[in-house]
Every structure is written in structure tokens, then in C-alpha cells.
Amino acid sequence: MKKYIIGIDIGGTKCAVLLGRAQGDADDIIIDKLRFETRVGRGWHAVTAELLDNVEEIIKKNALSPEDILCAGISCGGPLDSRRGVVLAPPNLPDWECVPIVDMIEERFGFDTYLQNDANACALAEWKFGAGKGLRNMIFLTFGTGMGAGLILDGKLYSGTNDMAGEVGHMRIAADGPVGYGKRGSFEGFCSGGGIGRLAQEMARKTLENGGSTLMCKTAEDIENITAKSAAEAAENGDETAKEVYRICGEKLGEGLAILADILDPQAIIIGSIFARSGHLLKDSMEKALHREALSQTAGCRIIPAGLGEKIGDLASLGIALDAAANGGKA
């Protein structure tokens, strides 16, 4: 019986290759890990060549051969085609136009390989190892640089007809507001690191123009330096403008959660990144909006911070491999 799996995480800044056990939990599934800087400017041919060499290296380093590997999972930002195993020019990998990454790995090593976008991969990780363990219906929200979702429905990952299921950041929450996903007033516009930063900048500017002050910046020249993190720090220290930024964000988060809960009726919605760190600044207004907007039957859906923390990036790609193996692999 093959006891090992490979995880591959492709990012715009760094890439990682992991060797894992085909059975295990979050604390012991990872055996080894190799990382390198992506350096996207050198082109996808060079990056994928280094990626494949790292796969070979991690197998040999642990006295294994490709025949010992059950399968591999690849986590990468979208858009992509998971069925064909092709990366389709994600924003953070600009020249990766139709890169057949799955075929490249399968042809070199011979083991089945599976590709998913990073939101789906993180959903699988939280479902198999984290806050969603044991659930049959759950939504994972990234709530980081952007806002995306991975959907576990009826005990399976749901990716949709065109691999576009879970693009919740594009939902319009308000007629006006910060821009996210190319749309003003979108879910991502209010509920993402960039969106919170832009909202905080706008509100800080108004505060200064009205003769007030804010801990987020001393002068108008500093406004462009405000981020979601610095706004959260100011809110923690009692700054009223920053607290209002997070109150608005929490309200829009609750409105978005109500839409998702009413449509998909999950047992839980698990939220990562910013919510895991700053949920206490969002919770009150989020809960009020959720209970105001959602049907009574779905308003009881549990809203849970992601449980894996910094481990989620490593476990995401391994989760893809484990999920594929559990579903019988390729026909």
C-alpha cells in the first residue's frame, strides 16, 4: 500500500513542495518541506522546472521513489481548469497562460496529480484537519487579500461547471463602497484586506477634513499608508474612526453571510485570515446583520474562525491529494 502523498503550493512570491503521509492529522501529516522563491519574472518554464526538480529532490531525500507516492495535490490561485489540470494566467502569475502543470508532473513521475484553486484547497484543509472536521456542509471564506470561498456540499468539494463556484467576492453588497473584484460595493470591496484599507483611508480623510484626528494617521500625507492591519491596531486602541471602519465591515460581512446561508444552508461558515485575527472587532455588527437578513432557519448557521492558522497553506495542497484519494482517484 502506498503511504505517501505530495503537496505543491504555487504562489506569486514563494512555492513549496511537501511530502506527507497518506494518513494523519494536522500535527503529524507533514514529513518534509522544500521552499523556493517563485521569481515570476523569469517565466513559467523556469519556475515549473524548479518545481519538478524539488519534487524529485524531496522524494530522493527521504529515500523514496515515485512508486511510493499515492498521488499529488497542487494548490494555485485561479483562474484554472481543475479537470484538465491547467493554470490559466492567475493575476499573481501573469505569464502562466494555459500551463499544463498536471500533465507535466504526471509525465515525469507517473503518479496521479490533482489541481485546485487556493480557496478550494483551503476549504479541503479546514474540512479534513481544522474547524470543519466532521461537517457535511460548510463554506470556507478566505477573507485575506481578497474574498473567495470554497464549498463543501453533501460531503464533497463543489467547484461548479467552470471552476467558478465560490467567487463570492464578486457579489454586490451595496450600491456604493470600496472597489473589490473590479466592482464598487462588492463583498470583496468591504471584506478583504485591500477593501478595509481603502475604506479606512476614505474615512480617515473625512475625519481629518472635518477637523478631527485619528490614530490611523497623523496627517493627510499619511493616509495612503493606512492598511487593514493598522486600522485594526487603531481600533484596538479605541480610535472611533477605526472602530467605525470595522463596524461597517462587520455589517457587510453579516449581509454577505446571510446570502450564502440562505442559498446553501451550511452547517457552518469558516472564515480565515483577517476574521481569525480581528473577529472581535467585526462580531457584533456581523451578528446583527446576519440575524436581520437571513431566514430564521439559516441564521443559526455557525460562524467559526479558521482553525489551522499558519499551517493552512501547507495542509491545503496535501488536502487536495487526500480528497482525491478518498474519492477513488482518476478513472
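The values are calculated or read from the model by the stated rules, or taken from the named source; none is laboratory data. The structure displayed is predicted, hence computed values, not measured ones. Heads up, the Cβs are rebuilt from the backbone with ideal geometry, glycines too, and the neighbour counts pull from every protein chain shown.
Residue-by-condition table, conditions (1) out of contact with any strand residue (DSSP E or B) (no Cβ under 6 Å at 6 or more places or on another chain); (2) within 29 Å of residue 266 (Cβ to Cβ); (3) surrounded by fewer than 23 Cβ atoms within 10 Å (Cβ to Cβ):
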site: 46; (1), (2), (3): yes, no, yes
site: 75; (1), (2), (3): no, yes, no
site: 82; (1), (2), (3): no, yes, yes
site: 93; (1), (2), (3): yes, no, yes
site: 104; (1), (2), (3): yes, no, yes
site: 111; (1), (2), (3): no, no, yes
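Give the residues of the range 77-126 that are in contact with a Pro (Cβ under 7 Å, 6 or more places away or on another chain), modelled with pLDDT of 95 or more and under 14 Å from residue 159 (Cα atoms), sorted by residue number.
The answer is 85, and nothing else.
Based on this model, can you work out whether residue 253 counts as assigned to a helix (DSSP H, G or I), within 30 Å of residue 2 (Cβ to Cβ) and touching a residue at least 60 places away in the same chain (Cβ under 8 Å)? Walk me through how you get there before you give the answer.
Numbers: assigned to a helix (DSSP H, G or I): yes; within 30 Å of residue 2 (Cβ to Cβ): no; touching a residue at least 60 places away in the same chain (Cβ under 8 Å): yes.
It is false that residue 253 is assigned to a helix (DSSP H, G or I), within 30 Å of residue 2 (Cβ to Cβ) and touching a residue at least 60 places away in the same chain (Cβ under 8 Å).
Quick one: in the range 127-183, which of the residues that are surrounded by 23 or more Cβ atoms within 10 Å (Cβ to Cβ), under 24 Å from residue 91 (Cα atoms) and among the aromatic types (Phe, Trp, Tyr) is modelled with the lowest pLDDT?
Per the stated criteria, the residue is 143.
From 41, 20, which residue is at pLDDT below 95 and either outside the structural domain of residue 150 (by TED's automatic domain parsing) or under 26 Å from residue 142 (Cα atoms) (or both)? Working first, answer last.
Values: 20 fails: at pLDDT below 95.
So the residue among 41, 20 that is at pLDDT below 95 and either outside the structural domain of residue 150 (by TED's automatic domain parsing) or under 26 Å from residue 142 (Cα atoms) (or both) is 41.
Listed here are the residues, each with its yes/no results for (1) over 28 Å from residue 181 (Cβ atoms); (2) buried (at least 22 other Cβ atoms within 10 Å of the Cβ); (3) in contact (Cβ under 8 Å) with a residue 24 or more places away in the chain.
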site: 63; (1), (2), (3): yes, no, no
site: 79; (1), (2), (3): no, no, yes
site: 85; (1), (2), (3): no, no, yes
site: 108; (1), (2), (3): yes, no, yes
site: 120; (1), (2), (3): no, yes, yes
site: 124; (1), (2), (3): no, yes, yes
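If only one of 272, 300, 313 is modelled with pLDDT under 95, assigned by TED's automatic domain parsing to the domain that holds residue 232 and either aliphatic (A, V, I, L, M) or crowded, with 18+ Cβ neighbours inside 10 Å (or both), which one is it?
Working: 300 fails: either aliphatic (A, V, I, L, M) or crowded, with 18+ Cβ neighbours inside 10 Å (or both); 313 fails: assigned by TED's automatic domain parsing to the domain that holds residue 232.
Exactly one residue qualifies, and that residue is 272.
I'd like the full set of residues that are of a type in the set (Asp, Glu) and closer than 22 Å to residue 313 by Cβ, limited to the range 142-186.
Going through the range 142-186, the residues of a type in the set (Asp, Glu) turn out to be 154, 163, 167, 176.
Within the range 142-186, 163, 167 qualify.
When you check residue 128 against the structure, is it of a type in the set (Lys, Arg) and within 21 Å of residue 313 (Cβ to Cβ), yes or no?
Numbers: of a type in the set (Lys, Arg): yes; within 21 Å of residue 313 (Cβ to Cβ): yes.
For residue 128, the condition - of a type in the set (Lys, Arg) and within 21 Å of residue 313 (Cβ to Cβ) - is met.
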